[in-house]
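Below is one structure, written out as structure tokens, with a few remarks after it.
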Amino acid sequence: MSRKLREKLLKKPVKDIKIAEIHSFKELIDAMYESGGFTAKKLAKATRILIEMFKDKECTRILAFPACILATGTRGIITDIIKRKLFDVVITTCGSLDHDLARSFKDYYHGYFEADDEMLHKLGINRLGNVFLPNESYGIIIEKEMDKILSIIIKDKKITKLSTRELCWIMGEHISDESSFLYWAWKNKIPVFIPGITDGAVGWHIWRYSQLNNITIDILKDEQELSDVIFESKKLGALIIGGGISKHHTIWWSQFKDGLNYAVYITTAVEWDGSLSGARPREAVSWGKINVKAKKAVVECDATIALPLMFAAIFEELNL
């Protein structure tokens, strides 16, 4: 027994990465897997699971992500993913709408973490990590464009009550810019759900507009649509970037269909504080939110590092 177990545990030797012999992103990911060590192998394993998920025609695929990555160039990856219809459903935050809308009309700028924040405040510059957002590129432009969008909804479309999915598609149509993930979600008719719609600039402007106009966001309509998607699916898979409400909403609904069959987490949150953001896939198994037989992986990595590597390899493998 002990000898057989020992042989089983020592079955796969560690292999060196030989950069000179690598000629594609897929080969790099494969070499990282064979290297055996640390987060490189985790990232490679997660990539392989995603490729398998994308090839599974019976799987309904969900993409969940936080707003912060859309303030960076990683927005381009999210946009490309949705443009190529790799996911069937998006669950994200109000902040994602804020950044996508703002960056469709104005620029964000390179900054630095150690900036003098009091000085930035006096200069009308907001800091998100090491990205600078001048007031004219965030609050001012969002207010301007949301006034246009809300006017279209009420005056042109004669709508007074709508779901966040409907809102997102109207926003995407209005933006009409190929750099926008909302534009491609509208173009490809991929539903985008925002369970925390009031927690951001877009949601705040809807509230502000509602003070003088008849408009209401119907969150329960979103939940009905999401319920229909879940229960009509044969299998479920998800790429969950970061944590918070978008992560939990994804795994919460998945429990009603025997849990996710494919699950990849990318996170920098710690597990030991008991937070939802730091909870690993194995914890979700205990709740029935991930199926006991699921293909699952967690990558402890900044998503702005992991996503370019993973999807460069995935696009190669899928010939996208």
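Can you give the net charge of the other residues whose Cβ lies under 12 Å from the Cβ of THR39, counting K and R as +1 and D and E as -1?
Every neighbour counted, the sum reads +1.
In whole angstrom, note down how far apart the Cα centers of segment 251-301 and segment 57-113 are.
That distance is 21 Å.
Mean projection of the alpha-carbon convex hull of the chain over all orientations, in nm²?
19.8
With each label point set 7 Å from Cα along the Cα-Cβ vector, what nm distance links ASP16 and LEU120?
If labels sit at ASP16 and LEU120, their model points lie 4.4 nm apart.
For segment 52-202, just the Cα atoms, rotate onto the principal axes and tell me the three extents in Å, largest first.
53, 44, 25 Å, listed from the longest principal axis down.
List the aspartates and glutamates whose alpha-carbon lies under 14 Å from that of LYS11, not counting same-chain residues fewer than 8 positions away?
In chain and number order, the partners are GLU34.
So which of LYS18/LYS41; LYS18/LYS296; LYS45/LYS247; LYS235/LYS296; LYS189/LYS257 end up more than 18 Å apart by C-alpha?
Beyond 18 Å: LYS18/LYS296; LYS45/LYS247; LYS189/LYS257.
Apply the Karplus parameterisation 6.51 cos²θ - 1.76 cosθ + 1.60, with θ equal to phi minus 60°, to every residue of segment 280-294 and state each ³J(HN,Hα) to the nearest whole Hz, in sequence, with x for glycine and proline.
8, x, 4, 5, 5, 4, 5, 8, x, 7, 10, 5, 4, 9, 5
May I ask you to evaluate 6.51 cos²θ - 1.76 cosθ + 1.60, the Karplus curve with θ = phi - 60°, for each residue of segment 198-212 and list the ³J(HN,Hα) values in order in whole Hz, giving x for glycine and proline?
For segment 198-212, the Karplus curve yields 7, 8, x, 5, 4, x, 5, 5, 5, 4, 4, 5, 5, 5, 10 Hz.
Nearest-5 percent of antiparallel DSSP beta bridges in the chain?
Of all bridge pairs located within the chain, approximately 20 percent are antiparallel.
Need the full-extension length gain, GLU136 to SER2, defined as separation in residues times 0.36 nm minus the C-alpha distance. One decimal, nm.
Full extension of this stretch gives 41.5 nm more.
Taking H as built 1.01 Å from N, whose amide H comes closer than 5 Å to the amide H of SER163, not counting residues under 5 places away?
Here the answer is ASP218, since their amide H atoms fall under 5 Å of that of SER163.
Students often check this: by mean Cβ neighbours within 10 Å, which of 256-267, 99-110 ranks highest, and how do the rest follow?
Ranking, from highest mean packing down: 256-267, 99-110.
Relative to the present Cα-Cα distance, how much length would full extension add between ASN319 and ASP228 at 0.36 nm per residue of separation?
29.6 nm is the gain from fully extending ASN319 to ASP228.
Report the full-extension gain for the segment SER286 to TRP207: residue separation times 0.36 nm, less the Cα-Cα distance, to one decimal in nm.
Extra length available between SER286 and TRP207 comes to 24.6 nm.
Read the figures in this text as sums done on the coordinates, not as results from a lab. If you're wondering where the values come from, they're calculated on a predicted model, not measured in any experiment. Here Cβ is always computed from backbone atoms with ideal geometry, including for glycine, and neighbour counts include all displayed protein chains.
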